[in-house]
Amino acid sequence: MKKLLRSPVALFFIAVVAIAAGIATYRQLYMVAPEQQYRLQDVEKGDISQVVSANGTINPVTLVSVGTQVSGTVKKLHVDFNSKVERGQVLLELDDALLSAQQKQGLANVKSATATLELAAANEARALALFKQEYVSQQEVDTALQTRKAAEAQLQLARAAVEKDSANLTYSVIRSPVSGVVVDRSVDVGQTVAASLQTPTLFKIAQDLSKMQIHANFAEADIGSIRIGQAAHFTVDAFPGRHFQGEVMQVRLNPVIQQNVVTYDVVVNVSNPEQILLPGMTAYVSITVAWRKGVLLAPNAALRYKPSSGGKRGGGRPGGAANGGAANGGTAKSVKDASSGQDAFSGKVYVLEQGELVPVSVSLGITDNRNTEIVGGEIKVGDQVVVGEALASSAQGGSSALRMRF
């Protein structure tokens, strides 16, 4: 009996039985049903909306920068930050000593030019009288006439200089061009301001803080779906629990390029009756660009899922789009869905049929970053799609435990 057990045939037979028993024990202990191997989720019907978002800055609709046309030293300030002003109200006064002296000098020049003109007119009249009596020549008459016209021109020039000096003297008093609120003051009493090629800004006045605008930079991938008149929703850090509404007023055509990233400025009109939204606040803007009601929805996790290399795959179902959509890492192909008539993209989901994974091609519509609209394909309400592998982590632990047993 001992010799029989030591024979190679007997040893091989014992080894085969041991391996078979081990495999049977492993399957009994570690193998699970396919339904428990994957995380599944039902395909449902519901509402979905696609939203594009960007950050922006709140600004007054009309922000007027008040400068000065003359140079001088600030003598007196009449307003400060947050002051409410009316159109024509005095904001600031410059020292007008030099300007007043220039005006007086101009007035004196006018008097001198007037006296010169009177003398030239008298000489012209005398020359004409002597010419009639043939005491002077025609040339002397012409000279007297030219002298009188030159004196008239000098008088006009002196008067124009007085008008200029008077205007500069008036400009030494800075008045508000609009009614509104002072949001910025850049000068103090005693400070010298110089009017050069670039007019210095003394004040900034917001004309009406009850109506504001948001300037938000949207990515070029989103700008194609934004239209004038669309509703916009936004929040600000100052009121984190409150949501505000606005309306798209303008999509500016001028691109903003920073580090090869192209964005476009979208202007959103905002009503601010409580005047709690202040200039310069950061707004987090969301615009709903598309929405659907009562459509078939698939979770985005199902569209991203790919079986592991060792998984089983069936032959697949016929679908409404080609395999390998953008959601599964393939090349995105835009197609026109025959039933809905709208643009769609191809995608793929996996379902379990008789214990095996079966790929199903679908046509995709809009997405809200959690679910995606299905506009075509062999998928219906109640189908369970694979969103992940439930035993991905436990399989590693099981293999180590199995090595410990052996």
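Just a few scattered comments:
- Taking the stretch 50-61 as the range and being surrounded by fewer than 17 Cβ atoms within 10 Å (Cβ to Cβ) and under 16 Å from Asp184 (Cβ atoms) as the test, only Thr57 passes.
- Answer residue from the stretch 121-147, given it is at pLDDT below 90 and of a type in the set (Ser, Thr, Tyr) and is surrounded by the most Cβ atoms within 10 Å (Cβ to Cβ) among those: Ser137
- Residue within the stretch 194-209 that is touching a residue at least 12 places away in the same chain (Cβ under 8 Å), touching a Phe, Trp or Tyr at 6+ places or on another chain (Cβ under 9 Å) and among the β-branched types (Val, Ile, Thr) present: no
- Within the stretch 215-238, restricting attention to residues that are outside any helix (DSSP H, G or I) and either charged (D, E, K, R) or touching a Leu at 6+ places or on another chain (Cβ under 9 Å) (or both), the residue that is farthest from Asn272 (Cα to Cα) is Arg227.
- Selection count, the stretch 172-199, where residues are farther than 20 Å from Ala97 by Cβ and part of a loop (DSSP other than H, G, I, E, B): 9
- Residue among Ala129, Ala54 that alone is farther than 30 Å from Ile174 by Cα and over 48 Å from the mean Cα position of the chain (by Cα): Ala129
- In the stretch 93-100 there is no residue matching the filter, namely being closer than 30 Å to Gly280 by Cβ, in contact with a His (Cβ under 7 Å, 6 or more places away or on another chain) and either surrounded by fewer than 13 Cβ atoms within 10 Å (Cβ to Cβ) or modelled with pLDDT of 90 or more (or both).
- Among the residues listed as Thr116, Thr143, the single one being touching a helix residue (DSSP H, G or I) at 6+ places or on another chain (Cβ under 7 Å), over 30 Å from Ala194 (Cα atoms) and β-branched (Val, Ile, Thr): Thr116
- Selected residue (criterion: surrounded by the most Cβ atoms within 10 Å (Cβ to Cβ)) from residues of the stretch 262-297 that are outside any strand (DSSP E or B) and hydrophobic (A, V, I, L, M, F, W, C): Leu277
- Hits in the stretch 178-207 - residues which are charged (D, E, K, R) and at positive phi: none
- Filter result for Val285 (touching a Gly at 6+ places or on another chain (Cβ under 6 Å), at pLDDT 90 or above and aliphatic (A, V, I, L, M)): yes
- Within the stretch 62-86, being surrounded by fewer than 14 Cβ atoms within 10 Å (Cβ to Cβ), farther than 15 Å from Leu209 by Cα and under 37 Å from the mean Cα position of the chain (by Cα) holds for Gln69, Asp80.
- Leu107, sole failed condition from (1) assigned by TED's automatic domain parsing to the domain that holds Glu163; (2) in contact (Cβ under 8 Å) with a residue 40 or more places away in the chain; (3) part of a loop (DSSP other than H, G, I, E, B): (3)
- Any hit, the stretch 18-38, residues being at pLDDT 65 or above and either under 30 Å from Asn168 (Cα atoms) or not in a helix (DSSP H, G or I) (or both): yes
The values are calculated or read from the model by the stated rules, or taken from the named source; none is laboratory data. Just so we're clear, the structure is a prediction, and the values are computed from it rather than from any experiment. Heads up, the Cβs are rebuilt from the backbone with ideal geometry, glycines too, and the neighbour counts pull from every protein chain shown.
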